[in-house]
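Visitor: Have a look at this one.
The values are calculated or read from the model by the stated rules, or taken from the named source; none is laboratory data. All figures in this text were calculated on a predicted structure; none of them were measured in a lab. All Cβ positions, glycine included, derive from the backbone under ideal geometry; neighbour counts span all protein chains shown.
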Amino acid sequence: MKRGLCLLALFLVGLTVFRARAQEYVRPPADLDRLVQELFAEIQSDQVPYEDLYETLLQYYQTPLNLNTASREELRGLLLFSEAQISHLLEHRQRRGSLISLYELQSIQGFDTRSIYRVAPFVTVLAGAGGSRVPLWQRMAREDNNALFVRYERVVQQRRGYTPADSSRGGLASRYLGSPDKLLVRYRVSHARDFSLGLTAEKDAGEQLTWSPATRRYGADFYSAHFLLQERGKLKTLAIGDYQLQFGQGLLLSSGLQVGKGAETITTIRRSSLGVRAYSSVLESAFFRGAAATVAVVPTIRATAFVSRKRVDASVQSATDSLAQFDEFSSGLLLTGFHRTANELANRQALRETIGGGNLSYVSRSGHFSAGLTAVNTHFDTPIQRRAELYNRYEFRGRDNLAVGAHYSYVVRNLLLFGETARSTGGGIGSVNGLLASLTPNVDASVLYRHYRRDFHTFYGNALSENTRNINETGLYAGLKVRPLARWEVSAYYDQFWFPWVKYQVSAPSQGYDWLVRLTFTPAKTSLLYAQFRSRVKEYDARSPAAPRPVRMPVATVRHSLLLFYDTSPTLSLSLRTRVQGTRYRADGGPLRTGYVLAQDASVTVSRYLRLSGRYALFDTDDYDTRQYVFEQDVLYAFSIPALSGQGTRVYAIAEVKCTRHLTLWLRYAETHYRHQQSVGSGLEEIQGPVRGEVKAQVRYKF
């Protein structure tokens, strides 16, 4: 009898372990749209690098983070773990060994059902770093994360830029030189902590497919390629081709998940020193091209060296004054990546940029303390000379800029202290310092102070700021997150900022503030309900009617935004989302202007081979200042966040078809119909008629 009970007990234990290990490979699909909406507050900007954000999230999904081997910095880089959760996880690993199943997180302090469900698509639990070291080509051939993507996009209606040039006004008007088709080809094979190989080719709408070595055009307009190796003894990372760098708080070198201020008020204000990362996105200005390597000098010290040399877009001019400082100069770098017209082609790759530098980092054996030094030297073959405007007085001028900085991070109990300070050529100082604290198991707080002098220059930095660049700004940010009851969460932040020097369209020192409150209720792991209010006050120039001659002076512009969002899955195959958001905007004490959008989404899994998604939205805004940005589902590796302005409807439909085990097809059609308008868009993008429709098709072949 006892023997039978023992055998039964062993059988049940074995079955439990087997089921836990089997579940290891069944991760839930990544819902990037919902996740990004949780991390961001309310998108009212077209300057956020969404491509890089989606690319990084998808790479985490394709090559999930191993919770049994991930370092503190790697766990921070995902932005989904609080500092207390990271500490409790590392302590659990030290005391009890590796996790057997992802669901073991439920036994670790600080992890609830919602947080586990949110990170599940991007993490895994494996016994070790990997299997035996078979030859690299064999590992690549056997790798499951090995796929080729081909994508096609086009606006259905004809735009002015594709019509014959009009010479009735005495000259030929500018027109796009290429076809309205947008094409993308991407191949990538990668394995976490091992290797990554990728190639990307892209042609934007309006660009030409042409072979012209004399003008450095070889078919597609943009190419990107990389090869990356990791964990080869003391050689921790080697990157050849295109890559990104992230150290400290991103003051000098920043890439990846940089979401800034948002509804996630705690974890997103810090940055992680992830070092060298492969680059496979299509942003044409946010990467380095050359080689980079990281070496472990000793177990606690790592050294990184990098060199990059590439051509960048710029407007190069010849000086007309014989006494000018430079005979030939550039008025600034161009970051759009578009080369559709003769003028845009003239600026294509007009400037050669050479960058070199390195980082030396120390991490204590416990992982609680880290510090590092970073140096970045940038050289342009043609000097940069800004226009003679007052707001450009302290902008970068010349050929060379050397920036040197130091960063630190220290964990003491439930408190994380972090920061980075740097100095650029000319003496400009930039500094960002903050703390994260778990005041109680249900209360987290964050504080961050930043100061970027008006003569501080960094070209690849992206520390937290109100401006699009880390220059001419001082600010103080405070965030709070409270979980008063199970399934309830309140998050809030307040950010006060000052601009000591004038800016474009701001002719005097100015200031402002920004605050947000979000109340979230999670009735189940597949449902989410939240209400959010945001207020933002910022100063811009306006004419003063009281002056003898109207002069421009900064006045406050006020924007209040309300957002209601509900996401639920009544069944395993059906998902529904309802979104209502509105904006009230007032500038220079003028009339109150408003805008709103109401959107209803639905996704249904018809079978294991077919999934359908769609949206119907109504929008009504008084003008472009009250435009509404709304996330949309898209094909894999793509994003869509249109700016809705005016009055009308927005609809889209997506079909995802799994044709075979290796081949998947996506089809997408989106259409915006405007009321009371005879045309859509302006300039070369203008369409005659009230409708703008877009088609998109993508195929993926997994080898």
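Visitor: Looking only at segment 182-198, how many residues end up being of a type in the set (Lys, Arg) and not in a strand (DSSP E or B)?
Guide: Filtering segment 182-198 down to residues of a type in the set (Lys, Arg) leaves 182, 186, 188, 193.
Filter once more, keeping what is not in a strand (DSSP E or B): 193.
Total meeting the criteria: 1.
Visitor: For segment 77-99, enumerate the residues that are closer than 23 Å to residue 30 by Cβ and out of contact with any Asp or Glu (no Cβ under 8 Å at 6 or more places or on another chain). Lay out the reasoning, then the answer.
Guide: Going residue by residue through segment 77-99, those that are closer than 23 Å to residue 30 by Cβ are 77-82, 85-86, 89, 99.
77, 78, 80, 81, 85, 86, 89, 99 - these are the residues of segment 77-99 that are closer than 23 Å to residue 30 by Cβ and out of contact with any Asp or Glu (no Cβ under 8 Å at 6 or more places or on another chain).
Visitor: Now for a separate question. Output the residues belonging to segment 570-594 that are under 28 Å from the mean Cα position of the chain (by Cα) and either at positive phi or hydroxyl-bearing (Ser, Thr, Tyr) (or both). Give the derivation first.
Guide: Here is the first cut: in segment 570-594, the ones under 28 Å from the mean Cα position of the chain (by Cα) are 575-585.
575, 578, 583, 585 - these are the residues of segment 570-594 that are under 28 Å from the mean Cα position of the chain (by Cα) and either at positive phi or hydroxyl-bearing (Ser, Thr, Tyr) (or both).
Visitor: Right, something else. From the list 277, 302, 232, pick out the single residue that is surrounded by 22 or more Cβ atoms within 10 Å (Cβ to Cβ), out of contact with any Leu (no Cβ under 6 Å at 6 or more places or on another chain) and not hydrophobic (A, V, I, L, M, F, W, C).
Guide: The conditions single out 277.
Visitor: When you go through 625, 620 one by one, which is the residue that is under 27 Å from residue 559 (Cβ atoms) and over 24 Å from the mean Cα position of the chain (by Cα)? Give the derivation first.
Guide: Working: 625 fails: over 24 Å from the mean Cα position of the chain (by Cα).
Testing whether each residue is under 27 Å from residue 559 (Cβ atoms) and over 24 Å from the mean Cα position of the chain (by Cα) leaves just 620.
Visitor: What tally of residues in segment 520-544 results from selecting those that are touching a strand residue (DSSP E or B) at 6+ places or on another chain (Cβ under 7 Å), among the basic types (Lys, Arg) and in a loop (DSSP other than H, G, I, E, B)?
Guide: Adding up the residues that qualify gives 0.
Visitor: Report whether or not residue 73 is in a helix (DSSP H, G or I), at pLDDT 70 or above and closer than 30 Å to residue 187 by Cα. It would help to see each step written out before you state the result.
Guide: Working: in a helix (DSSP H, G or I): yes; at pLDDT 70 or above: yes; closer than 30 Å to residue 187 by Cα: yes.
Against the criterion (in a helix (DSSP H, G or I), at pLDDT 70 or above and closer than 30 Å to residue 187 by Cα), residue 73 qualifies.
Visitor: Taking residue 237 as the residue in question, decide whether it is at pLDDT 95 or above, on the phi < 0 side of the Ramachandran plot, surrounded by 19 or more Cβ atoms within 10 Å (Cβ to Cβ) and of a type in the set (S, T, N, Q). Talk me through it step by step, then tell me what you get.
Guide: Details: at pLDDT 95 or above: yes; on the phi < 0 side of the Ramachandran plot: yes; surrounded by 19 or more Cβ atoms within 10 Å (Cβ to Cβ): yes; of a type in the set (S, T, N, Q): yes.
So residue 237 passes the test.
Visitor: Against the condition without any contact (Cβ under 8 Å) to a residue 12 or more places away in the chain and under 27 Å from residue 71 (Cβ atoms), how does residue 413 come out, does it pass? So that I can check it myself, show each step before the final result.
Guide: Values: without any contact (Cβ under 8 Å) to a residue 12 or more places away in the chain: yes; under 27 Å from residue 71 (Cβ atoms): yes.
Yes; evaluated as a whole, the condition is true for this residue.
Visitor: Follow-up. Determine if segment 599-607 includes at least one residue that is part of a loop (DSSP other than H, G, I, E, B) and in contact (Cβ under 8 Å) with a residue 24 or more places away in the chain. Walk me through it before giving the result.
Guide: Initial filter on segment 599-607 (part of a loop (DSSP other than H, G, I, E, B)): none.
So far as segment 599-607 goes, no, none of its residues is part of a loop (DSSP other than H, G, I, E, B) and in contact (Cβ under 8 Å) with a residue 24 or more places away in the chain.
Visitor: Another one. Just to be sure I understand, how many residues within segment 233-275 are under 30 Å from residue 201 (Cα atoms) and of a type in the set (S, T, N, Q)?
Guide: The number of residues fulfilling the criteria is 8.
Visitor: Please go through segment 111-124 and pick out each residue that is at pLDDT 85 or above and either assigned to a helix (DSSP H, G or I) or out of contact with any strand residue (DSSP E or B) (no Cβ under 7 Å at 6 or more places or on another chain) (or both). Can you show your working first?
Guide: We begin by selecting, within segment 111-124, every residue at pLDDT 85 or above; these are 111, 116, 119-124.
Once the filter is applied, which keeps residues that are at pLDDT 85 or above and either assigned to a helix (DSSP H, G or I) or out of contact with any strand residue (DSSP E or B) (no Cβ under 7 Å at 6 or more places or on another chain) (or both), segment 111-124 yields 111, 116, 119, 120, 121, 122.
Visitor: Go through segment 548-594 and count every residue that is part of a loop (DSSP other than H, G, I, E, B), closer than 19 Å to residue 625 by Cβ and either among the hydrophobic types (A, V, I, L, M, F, W, C) or in contact with an Asp or Glu (Cβ under 7 Å, 6 or more places away or on another chain) (or both).
Guide: Looking only at segment 548-594, we keep the residues that are part of a loop (DSSP other than H, G, I, E, B), and these are 548-551, 569-573, 588-592.
Add one more test, that the residue is closer than 19 Å to residue 625 by Cβ, and what stays is 588-592.
Now restrict to residues that are either among the hydrophobic types (A, V, I, L, M, F, W, C) or in contact with an Asp or Glu (Cβ under 7 Å, 6 or more places away or on another chain) (or both): 592.
Counting residues in segment 548-594 that are part of a loop (DSSP other than H, G, I, E, B), closer than 19 Å to residue 625 by Cβ and either among the hydrophobic types (A, V, I, L, M, F, W, C) or in contact with an Asp or Glu (Cβ under 7 Å, 6 or more places away or on another chain) (or both) gives 1.
Visitor: I need the full set of residues from segment 385-413 which are surrounded by fewer than 21 Cβ atoms within 10 Å (Cβ to Cβ) and in a loop (DSSP other than H, G, I, E, B), in order please. First the steps, then the outcome.
Guide: Filtering segment 385-413 for residues surrounded by fewer than 21 Cβ atoms within 10 Å (Cβ to Cβ) gives 386-395, 397-400, 402, 404, 406, 408, 410, 412-413.
Once the filter is applied, which keeps residues that are surrounded by fewer than 21 Cβ atoms within 10 Å (Cβ to Cβ) and in a loop (DSSP other than H, G, I, E, B), segment 385-413 yields 386, 387, 388, 389, 393, 394, 395, 397, 413.
Visitor: Next question, about the same structure. Show the residue pairs meeting these rules: Cβ distance below 6 Å; 6+ apart or different chains; first residue within segment 209-222 and closer than 16 Å to residue 284 by Cβ; second residue of a type in the set (Ser, Thr, Tyr).
Guide: Sorted first by the residue in segment 209-222, then by its partner, the pairs are 217/210.
Visitor: Can I ask one more? Might you let me know whether segment 126-140 holds any residue that is at pLDDT 90 or above, on the phi < 0 side of the Ramachandran plot, assigned to a loop (DSSP other than H, G, I, E, B) and not acidic (Asp, Glu)? Reasoning before the result, please.
Guide: We begin by selecting, within segment 126-140, every residue at pLDDT 90 or above; these are none.
Looking through segment 126-140, none of the residues is at pLDDT 90 or above, on the phi < 0 side of the Ramachandran plot, assigned to a loop (DSSP other than H, G, I, E, B) and not acidic (Asp, Glu).
Visitor: Any idea which residue in segment 141-160 is farthest from residue 701 (Cα to Cα), counting only those that are aliphatic (A, V, I, L, M) and part of a strand (DSSP E or B)?
Guide: Within segment 141-160, the subset aliphatic (A, V, I, L, M) is 141, 147-148, 150, 155-156.
Going one step further and asking which of them are part of a strand (DSSP E or B), we end up with 147-148, 150, 155.
Numbers: 147: 5, 148: 5, 150: 9, 155: 25 Å.
Step by step, filter segment 141-160, then rank; the result is 155.
Visitor: I'm checking my understanding of the structure. Among residues of segment 257-267 that are within 23 Å of residue 192 (Cβ to Cβ) and either buried (at least 24 other Cβ atoms within 10 Å of the Cβ) or β-branched (Val, Ile, Thr) (or both), which one is farthest from the chain's Cα centre (by Cα)? Spell out how you get there, then give the answer.
Guide: Initially, segment 257-267 is screened for residues within 23 Å of residue 192 (Cβ to Cβ), giving 257-259, 267.
If we keep only those that are either buried (at least 24 other Cβ atoms within 10 Å of the Cβ) or β-branched (Val, Ile, Thr) (or both) as well, we get 259, 267.
Working: 259: 6, 267: 15 Å.
Per the stated criteria, the residue is 267.
Visitor: State whether the residues of segment 623-641 include one that is small (Gly, Ala, Ser), touching a residue at least 60 places away in the same chain (Cβ under 8 Å) and farther than 22 Å from residue 561 by Cβ. Lay out the reasoning, then the answer.
Guide: Within segment 623-641, the first condition is being small (Gly, Ala, Ser), and the residues that meet it are 638, 640.
Filter again for touching a residue at least 60 places away in the same chain (Cβ under 8 Å), leaving 638.
Still in the running and farther than 22 Å from residue 561 by Cβ: 638.
Yes, segment 623-641 has at least one match.
Visitor: Out of all the residues in segment 459-471, is one or more more than 23 Å from residue 373 (Cα to Cα) and either buried (at least 18 other Cβ atoms within 10 Å of the Cβ) or at pLDDT 95 or above (or both)? Break it down into steps so the answer makes sense when it comes.
Guide: We begin by selecting, within segment 459-471, every residue more than 23 Å from residue 373 (Cα to Cα); these are 466-468.
Checking the rest, the ones that are also either buried (at least 18 other Cβ atoms within 10 Å of the Cβ) or at pLDDT 95 or above (or both) come to 466.
Yes, there is a match, as at least one residue in segment 459-471 is more than 23 Å from residue 373 (Cα to Cα) and either buried (at least 18 other Cβ atoms within 10 Å of the Cβ) or at pLDDT 95 or above (or both).
Visitor: Please go through segment 66-105 and pick out each residue that is more than 16 Å from residue 414 (Cα to Cα), of a type in the set (Lys, Arg) and touching a residue at least 12 places away in the same chain (Cβ under 8 Å).
Guide: 93
Visitor: Kindly check whether there is at least one residue in segment 434-450 that is crowded, with 18+ Cβ neighbours inside 10 Å, without any contact (Cβ under 8 Å) to a residue 60 or more places away in the chain and under 22 Å from the mean Cα position of the chain (by Cα).
Guide: Checked against the condition, which is being crowded, with 18+ Cβ neighbours inside 10 Å, without any contact (Cβ under 8 Å) to a residue 60 or more places away in the chain and under 22 Å from the mean Cα position of the chain (by Cα), segment 434-450 yields at least one hit.
Visitor: Taking residue 643 as meeting all but one of (1) surrounded by 14 or more Cβ atoms within 10 Å (Cβ to Cβ); (2) under 30 Å from residue 144 (Cβ atoms); (3) at pLDDT below 95; (4) among the small types (Gly, Ala, Ser), write down the number of the exception.
Guide: So the condition that residue 643 fails would be (2).
Visitor: Ok, one more. Of the conditions (1) of a type outside the set (Asp, Glu); (2) in a strand (DSSP E or B); (3) in contact with a helix residue (DSSP H, G or I) (Cβ under 9 Å, 6 or more places away or on another chain); (4) closer than 30 Å to residue 340 by Cα, residue 637 clears all except one; give me its number.
Guide: Answer for residue 637: the failing condition is (2).
Visitor: Moving to a separate point now. Look at segment 281-299 and say how many of its residues are surrounded by 19 or more Cβ atoms within 10 Å (Cβ to Cβ) and either closer than 14 Å to residue 363 by Cβ or polar (S, T, N, Q) (or both).
Guide: Count: 2.
Visitor: Also, quick follow-up: Please work out if residue 253 is modelled with pLDDT of 90 or more, in a loop (DSSP other than H, G, I, E, B) and within 27 Å of residue 336 (Cβ to Cβ).
Guide: Numbers: modelled with pLDDT of 90 or more: yes; in a loop (DSSP other than H, G, I, E, B): yes; within 27 Å of residue 336 (Cβ to Cβ): yes.
Considered against the rule, which asks whether it is modelled with pLDDT of 90 or more, in a loop (DSSP other than H, G, I, E, B) and within 27 Å of residue 336 (Cβ to Cβ), residue 253 comes out as yes.
Visitor: Scanning segment 199-218 for residues that are in a strand (DSSP E or B) and either among the hydrophobic types (A, V, I, L, M, F, W, C) or over 28 Å from the mean Cα position of the chain (by Cα) (or both), which turns out nearest to residue 350 (Cα to Cα)?
Guide: Our first condition is that a residue be in a strand (DSSP E or B); within segment 199-218, this holds for 199-203, 210-212, 217-218.
Checking which are either among the hydrophobic types (A, V, I, L, M, F, W, C) or over 28 Å from the mean Cα position of the chain (by Cα) (or both) leaves us with 199, 201, 210-212, 217-218.
Values: 199: 24, 201: 20, 210: 18, 211: 18, 212: 16, 217: 13, 218: 16 Å.
The selected residue is 217.
Visitor: Another question, then. Would you pick out the residues in segment 76-109 that are under 27 Å from the mean Cα position of the chain (by Cα) and part of a loop (DSSP other than H, G, I, E, B)?
Guide: 78, 79, 80, 81, 82
Visitor: Residue 480: at pLDDT 95 or above, under 21 Å from residue 271 (Cβ atoms) and of a type in the set (A, V, I, L, M), yes or no?
Guide: Values: at pLDDT 95 or above: yes; under 21 Å from residue 271 (Cβ atoms): yes; of a type in the set (A, V, I, L, M): yes.
It is true that residue 480 is at pLDDT 95 or above, under 21 Å from residue 271 (Cβ atoms) and of a type in the set (A, V, I, L, M).
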